[in-house]
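Asks: Structure incoming, see below.
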């Protein structure tokens, strides 16, 4: 039977993924045999454990909590980044005033703030949200200000000719034009937001998948540790892919970076 | 000259204002978790000594630098090969992408459970955290070599490996450096997390221990030092980038 070009493409993709999975499985088994300890389980036992994990209702509850914290932290951080980015890009003085402090905060790995947050407000969901919002805003603010600075001069001239107010200039000229730059920032900071929620779960035990992973590790449930890490990889890939699709749909004129 | 003084004035205005405000407020309303900057300065004098540097800072630096270099070199080599050989790329890229998508902090418990506590675990954490972002950015940069350069390679009859080393990698150097720069932050993060989770050694462990023994001023000292290390490495990288590939960083206007 002759295949259509589209069908052939799908068959090819399927073959490639099967090959990738086969090679990964072979490498995994080699590593498990070399390490030969309970802490590096064989692939089949991890896959069995993964099946058990996704049948567990508590896992789904944890996943939803993780998503909620990520989304809330992301939205707060993004709003803050837009305000700060627009203000610093449109006002040179403000930029000089804030840029050194922003750069200093950006150089500190976010997890360093966790002990401080725990000491002052405890290890609750709020802690994870605050840290996530901080991480997202520090990451995104640079993209927002770069986006504003890259606005085409013709558009700015246009706003001048029509005597647009500052507010309508921001809404009608700057925000639409900076979206092409910021979409990359969204994609990167969404992954970072997810990573931060997981990190605060692992380090200080805020609710979510991070805490579950740490419990599995401290209870020496080695298969479970691998299962959680695989799940986190899948979720991370999905977040990245979702933002990629959104970027292509809405900002199709721009070549993907 | 006047412009420079002006810019330094505006740059230092906010940090000094925050410090003064913080000092005054903590004088009126003391908060145990936000000790006044004068007390943190006192703690800096108290904490920083040769022994402390040898016992806390040196191990962190060893983990950071060894881990970063090994991870970056592995990432560059594997990334270049995957960029050059399309068939290898098709098979291995999805799995590299998957591993990169796992948050770097989440890999730490996994490495801990396989390797236990120790120097090699901490170094491996940094290696793995750096390897995949560098690898992905290198693959992307090499795969995007312009057609003219590929034609040049064919004309010069360089062959694949020599063409890769002499033409494709130099052409992609700007993007590769951006990837290397971005992974410096990831490396510092991985170092701190691997120290925080039970190793008892390094600046990360110092911060956690200070917090759990309520020596809050010392914890602030740790936070500031990590910030300074991050800032210094960032600055160093910016200098290297502009030295190695001035055309790329000028034309892209990537001024952080």
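Laboratory data are not the source of any read-out in this text; all were calculated from the coordinates shown. Not measured: the values here are computed from a predicted model. Heads up, the Cβs are rebuilt from the backbone with ideal geometry, glycines too, and the neighbour counts pull from every protein chain shown.
Asks: What per residue convex hull volume, in Å³, do the alpha-carbon atoms of segment A:57-208 yield?
Replies: So the per-residue Cα hull volume is 113 Å³.
Asks: Stokes-Einstein diffusion coefficient for segment A:72-114 at 10 °C in a medium of 1.306 mPa s, Rh from the Kirkwood formula over Cα pairs: what value in µm²/s?
Replies: 138
Asks: Which whole-percent values make up P(r) of chain A when all C-alpha to C-alpha distances are grouped in 10 Å steps starting at zero?
Replies: Here the calculated profile for chain A is 6, 22, 26, 23, 14, 7, 2, 0.
Asks: To the nearest 0.05, what FRET efficiency results for residue A:52 and residue B:2 with a Förster distance of 56 Å applied to their C-beta separation?
Replies: 0.20
Asks: Please check: in the Gaussian network model of chain B (C-alpha springs, under 10 Å), which one of B:74, B:228, B:131 has the largest mean-square fluctuation.
Replies: B:228
Asks: If packing is taken as the average count of other Cβ atoms within 10 Å, what order do A:68-80, B:178-190 fall into, highest mean first?
Replies: B:178-190, A:68-80
Asks: Report the Cα centroid-to-centroid distance between segment A:155-224 and segment B:60-138 in angstrom, as an integer.
Replies: 24
Asks: Let me have the relative contact order for chain B, percent, based on Cα pairs under 8 Å that are six or more residues apart.
Replies: 23 percent.
Asks: Given a Förster distance of 41 angstrom, what is the FRET efficiency for residue A:179 paired with residue B:243, based on the Cβ-Cβ distance and rounded to 0.05?
Replies: After rounding to 0.05, the efficiency reads 0.75.
Asks: I would also like to ask the following. Could you sort A:13-26, A:107-120 so that the peptide with the highest average Cβ count within 10 Å comes first and the rest follow in order?
Replies: A:107-120, A:13-26
Asks: Any idea how far apart residue B:162 and residue A:21 come out in nm if each label point goes 7 Å out from Cα toward Cβ?
Replies: Rounded to a tenth, the inter-label distance reads 4.3 nm.
Asks: If I model a spin label at residue A:246 and residue A:221 as a point 7 Å from the Cα along the Cα→Cβ vector, what separation in nanometres do I get?
Replies: Roughly 3.2 nm, to one decimal.
Asks: Under the definition of partner shielding as Cβ atoms of other protein chains within 10 Å of a residue Cβ, what is the mean value for peptide B:181-192?
Replies: Mean shielding count: 3.
Asks: Next up: Report the percentage of all Cα-Cα pairs in segment A:13-115 whose separation exceeds 23 Å, rounded to a whole percent.
Replies: Taking all Cα-Cα pairs of segment A:13-115, the fraction more than 23 Å apart is 63 percent.
Asks: If you count, for every residue in A:114-122, the Cβ atoms of partner chains within 10 Å of its Cβ, what is the mean?
Replies: 5
Asks: How far is helix A:209-218 tilted off the main Cα axis of chain A, in degrees rounded to 10, range 0 to 90?
Replies: It is inclined by approximately 40 degrees.
Asks: Taking the convex hull of the Cα atoms, report for segment B:120-212 its projected area averaged over all directions, in nm².
Replies: 7.0
Asks: Right, here's the next one. Give me the one-decimal nm value for the distance between modelled label points at residue A:63 and residue A:34, 7 Å along each residue's Cα-to-Cβ direction.
Replies: 3.2
Asks: Between residue B:31 and residue B:214, what is 0.36 nm times their sequence separation minus the Cα-Cα distance? Round to one decimal in nm.
Replies: Contour length minus the Cα-Cα distance gives 64.6 nm.
Asks: Another question, then. Taking each residue of A:193-205 in turn, how many C-beta atoms of other protein chains fall within 10 Å of its C-beta, and what is the average?
Replies: The mean count of partner-chain Cβ atoms within 10 Å per residue comes to 4.
Asks: While we're here: Using the Kirkwood radius over C-alpha pairs as Rh, can you work out the diffusion coefficient of segment B:89-162 via Stokes-Einstein at 10 °C, viscosity 1.306 mPa s, in µm² per second?
Replies: 107
Asks: Could you order the peptides B:108-120, B:12-24 from most to least packed, using the average number of other C-beta atoms within 10 Å per residue?
Replies: B:108-120, B:12-24
Asks: Rounded to whole Å and ordered largest first, report the semi-axes of the equivalent ellipsoid of the protein assembly as shown derived from its Cα gyration tensor (root of 5λ).
Replies: Values for the protein assembly as shown, descending: 36, 33, 24 Å.
Asks: Please quote Rg/Rh for chain B to two decimal places, taking the Kirkwood radius as Rh and restricting both calculations to Cα atoms.
Replies: Radius of gyration relative to Kirkwood radius: 1.07.
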